Amino acid sequence: MTYSIIGILAILIHIIINRDMLWHNSEHNAVPAHREYRDFILGVLVFCTIDVLWGFLNEYHLMSALYATTVIFFIAMMAGFLLWTRYVVAYLDGAPVLKKILSASGVILFCAELVILGINFFIPIQFWFDGNGTYHAGVARYWTLMLQVVLFLLTSVYSFAAKGRNSSTVKRLRRIVGVFGITMAALIVVQLFYPMLPLYSIGYLLSSTMLHSFVVEDEKEEHRKTLEEMLRREQQQRRELGSAKQKIYTDPLTGVKNKQAYMDDELQIDARIRNGSVKDLGIVVFDVNDLKNVNDTEGHDMGDIYIYTASMLISEFFSPSTVYRIGGDEFAVILEGEDYNDRAALLAAFEKQVDENLRSGKVVVSSGMAEYRPGADRRFRSVFERADKQMYQRKHALKEPQKRQQFTQPVKKTTK
């Protein structure tokens with residue numbers, strides 16, 4: 001019964017430490033050659049399960065089932081070695097000659113074991129049971145185990161000779177893979193002399209635990225650090241892109257969005273109109289009055305100050321994030337959300353301030369507003385043109401001599 005207890009412990013420990021690789025697919029890519037490693041662990045679990053079953057059957061001398069289980073035991077043993085060689089070759093970048101030898105040796109030894117077990121049905125060269133149900137090892141068992149010793153040592157040589165990255169961490173990981181082969185080879189040598197001890201399962205338990213602790217976990221940690229570095233770089237690139245985009249889309253004189261930003265946003269709005277996702281949308285178009293006169297009489301520097309003052313006046317009443325300078329003295333505000341809901345009050349307050357500016361000789365800005373009409377407007381330009389027309393009507397009204405005479409009392413400034 002002690003024989004089976006060792007195998008049961010090996011199974012439980014393998015399942016616990018490799019649960020991520022066995023069930024959580026998201027963890028697979030964190031480990032190089034994860035498919036080969038997972039196949040190897042599954043092979044180890046199958047071998048240990050058969051080893052446990054063999055212990056129970058041998059305890060109760062169930063001969064027919066014991067013989068069949070012994071055959072499967074040797075097949076699982078060789079399958080485990082084959083899967084190990086595949087993992088080592090996939091994980092490490094070793095010498096091509098050793099790589100070919102190691103890959104071929106696993107397949108050859110597995111096939112040879114199948115042939116030996118076939119012969120064993122007729123001539124007991126691998127194992128047999130006597131009349132008392134006692135297990136006896138045949139000469140072929142010793143030869144196959146010795147070949148495994150040689151080939152496990154070969155995997156160690158392959159691991160130590162592997163090239164690739166030369167960081168201290170990678171070198172340490174390669175050494176651990178090599179130590180796995182040495183440990184298995186040493187325990188198989190002992191198994192040659194003590195066939196009734198579960199040394200193969202013990203070897204898998206010790207070596208696989210070491211492999212998981214020092215290789216798989218380290219690789220997962222390195223993978224995590226790589227992902228964090230990629231995320232950091234991506235965030236940095238986004239910040240740089242956002243900063244560059246802000247510079248591209250910002251008018252250098254006024255600090256509001258420029259014409260390029262307006263054109264790009266107009267294209268996006270047109271796309272939303274086509275797919276029917278636009279509901280509440282409007283625009284206010286502005287034009288700075290008397291800019292040419294300021295440039296001609298006071299110079300272009302004062303003209304720039306006049307434009308800047310006009311942009312600040314617009315931004316005072318409308319959200320600065322939606323203000324665009326679309327020409328020399330032309331501005332626009334796209335109305336959505338809260339600004340759209342408050343559009344009438346905002347425009348009224350703005351025009352009231354402009355009327356006071358007209359009376360007091362400050363900057364005057366004409367404005368016109370229009371709303372998007374679902375079904376009628378097929379593009380945003382149509383909304384702009386209606387607002388532009390309203391703006392020119394307002395501009396004309398502000399220039400009428402009688403309009404100037406309407407302002408006889410000071411008007412308190414109203415803000416948003």
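The values are calculated or read from the model by the stated rules, or taken from the named source; none is laboratory data. On a predicted model such as this, the values are computed, not experimentally measured, just so you know. Here the Cβ positions follow ideal geometry from the backbone for every residue, glycine too, while neighbour counts run over all protein chains shown.
Values as computed for the structure displayed
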| item | result |
| --- | --- |
| Some residue of the stretch 51-58 being under 38 Å from the mean Cα position of the chain (by Cα), closer than 21 Å to ARG38 by Cα and assigned by TED's automatic domain parsing to the domain that holds ASN120 | no |
| Every pair of residues 6+ apart whose Cβ atoms lie under 8 Å, when the first sits in the stretch 121-133 and is surrounded by 10 or more Cβ atoms within 10 Å (Cβ to Cβ) while the second is at pLDDT 90 or above and assigned to a loop (DSSP other than H, G, I, E, B) | PRO124/GLY138; ILE125/GLY138; GLN126/GLY138; PHE127/GLY138; TRP128/GLY138 |
| Index of the failed condition, THR226 passing every other in (1) at pLDDT below 65; (2) among the β-branched types (Val, Ile, Thr); (3) assigned to a loop (DSSP other than H, G, I, E, B) | (3) |
| Looking only at the stretch 62-106, and only at residues there that are of a type in the set (S, T, N, Q) and within 19 Å of VAL52 (Cβ to Cβ), the one that is surrounded by the fewest Cβ atoms within 10 Å (Cβ to Cβ) | SER64 |
| Residue within the stretch 170-181 that is outside any helix (DSSP H, G or I), modelled with pLDDT under 75 and surrounded by 15 or more Cβ atoms within 10 Å (Cβ to Cβ) present | no |
